[in-house]
1. Of everything in region 67-83 that's part of a loop (DSSP other than H, G, I, E, B) and either out of contact with any Ser or Thr (no Cβ under 8 Å at 6 or more places or on another chain) or basic (K, R) (or both), which residue is surrounded by the most Cβ atoms within 10 Å (Cβ to Cβ)?
2. Does region 53-66 contain at least one residue that is part of a helix (DSSP H, G or I), free of Cβ contacts under 8 Å to residues at least 40 places away in the same chain and touching a helix residue (DSSP H, G or I) at 6+ places or on another chain (Cβ under 7 Å)?
3. Name the one entry in A54, A103 that is small (G, A, S), at negative phi and either exposed (fewer than 14 other Cβ atoms within 10 Å of the Cβ) or not assigned by TED's automatic domain parsing to the domain that holds T149 (or both).
4. Give the number of residues within region 147-158 that are touching an Asp or Glu at 6+ places or on another chain (Cβ under 8 Å) and part of a loop (DSSP other than H, G, I, E, B).
5. Which one of I72, I23, I86, I111 is under 23 Å from H151 (Cβ atoms), of a type in the set (A, V, I, L, M, F, W, C) and without any contact (Cβ under 8 Å) to a residue 40 or more places away in the chain?
6. Pairs only if they're at least six apart or on different chains, beta carbon under 6 angstrom, first in region 186-215 and crowded, with 18+ Cβ neighbours inside 10 Å, second modelled with pLDDT under 90 and β-branched (V, I, T); list them, first residue then second.
7. Please enumerate the residues belonging to region 200-241 that are part of a loop (DSSP other than H, G, I, E, B) and within 27 Å of S150 (Cβ to Cβ).
8. In the list A49, A40, which residue meets the criterion of being in contact with a Pro (Cβ under 7 Å, 6 or more places away or on another chain), free of Cβ contacts under 8 Å to residues at least 40 places away in the same chain, surrounded by 14 or more Cβ atoms within 10 Å (Cβ to Cβ) and not assigned by TED's automatic domain parsing to the domain that holds L106?
Amino acid sequence: MSGATLEDLDMALFCAEYLPSAIDADTLARNQRSVPEQLASLHLASPDAVPNVAGMVMLGVDPTTWVKGAYIQFLRIDGTELTDTIIDRKELVGPMARVLTQADDLARAHIRVAARIASRDREHNQADYPMDAIQQLLRNAVMHRNYETSHAPIQWYWFSDRIEIHNPGGLFGRATPETFGKPGGNDYRNPTIAGALAALGFVQKFGLGVPLARKACRDNANPEPVFTFGSGSFAVTLRRA
């Protein structure tokens with residue numbers, strides 16, 4: 001990223017959270033590398049300490065200065081159409097770990113739990129959406145979106161009857177509509193971001209996100225997620241339980 005410097009990165013986050021998660025303590029103690037060398041070894045910057053796209057997405061103080069679409073746009077809509085009343089609006093911007101933590105908090109705030117009587121003496125609480133499914137699908141979106149040629153954000157729409165997540169970039173590599181979400185059917189458009197999210201514990205780097213989302217929906221009595229593939233876009237729809 002020509003013109004970017006380490007001052008554009010949240011170095012406190014890198015040193016306190018990312019580095020200890022990605023590299024074991026003994027290796028860190030033995031290597032005695034400088035911070036720029038550590039960033040370069042993790043493919044987050046060039047050897048002369050210039051952040052790259054992955055570094056800016058994962059650690060950027062304001063990544064949208066350099067990568068225009070590197071944020072999540074959230075709309076909560078009181079209805080089933082985009083033209084209905086918006087009752088909450090957020091733009092989640094910053095280092096990716098912070099963005100995903102904010103997304104988790106936002107999802108928990110909007111999930112509704114209903115108490116149902118399963119028998120005469122037993123009450124069952126059911127969420128309208130499973131938290132695990134929302135997490136997996138949003139994390140998949142930030143991991144696999146196209147950061148290179150699109151300035152669009154990830155769009156997260158929460159309607160009264162469904163959730164939709166849209167992100168730039170169609171299926172990549174060996175992934176096809178037929179193999180998507182199946183063993184051996186995944187690929188990585190952004191392997192450094194995938195590795196970083198795995199190191200921080202947000203994803204499993206083994207193509208498990210979609211199967212886990214499907215299982216969470218089944219367990220919560222939601223219909224399974226519906227995926228829509230376009231040449232330059234990708235979307236998923238979750239229906240309310």
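1. That would be V67.
2. Yes, because at least one residue in region 53-66 is part of a helix (DSSP H, G or I), free of Cβ contacts under 8 Å to residues at least 40 places away in the same chain and touching a helix residue (DSSP H, G or I) at 6+ places or on another chain (Cβ under 7 Å).
3. After ruling out the rest, the residue left standing is A54.
4. Count: 1.
5. Within the list I72, I23, I86, I111, the selection yields I86.
6. L197/V203
7. Of everything in region 200-241, those that are part of a loop (DSSP other than H, G, I, E, B) and within 27 Å of S150 (Cβ to Cβ) turn out to be L200, F202, V203, Q204, K205, F206, G207, L208, P225, G230, S231, G232.
8. Result: A40 is the single residue among A49, A40 that is in contact with a Pro (Cβ under 7 Å, 6 or more places away or on another chain), free of Cβ contacts under 8 Å to residues at least 40 places away in the same chain, surrounded by 14 or more Cβ atoms within 10 Å (Cβ to Cβ) and not assigned by TED's automatic domain parsing to the domain that holds L106.
The values are calculated or read from the model by the stated rules, or taken from the named source; none is laboratory data. Owing to the predicted nature of the structure, the values given are computational and were not obtained by experimental measurement. For neighbour counting, all protein chains shown are included, and Cβ atoms are generated from backbone atoms with ideal geometry for every residue, glycine included.
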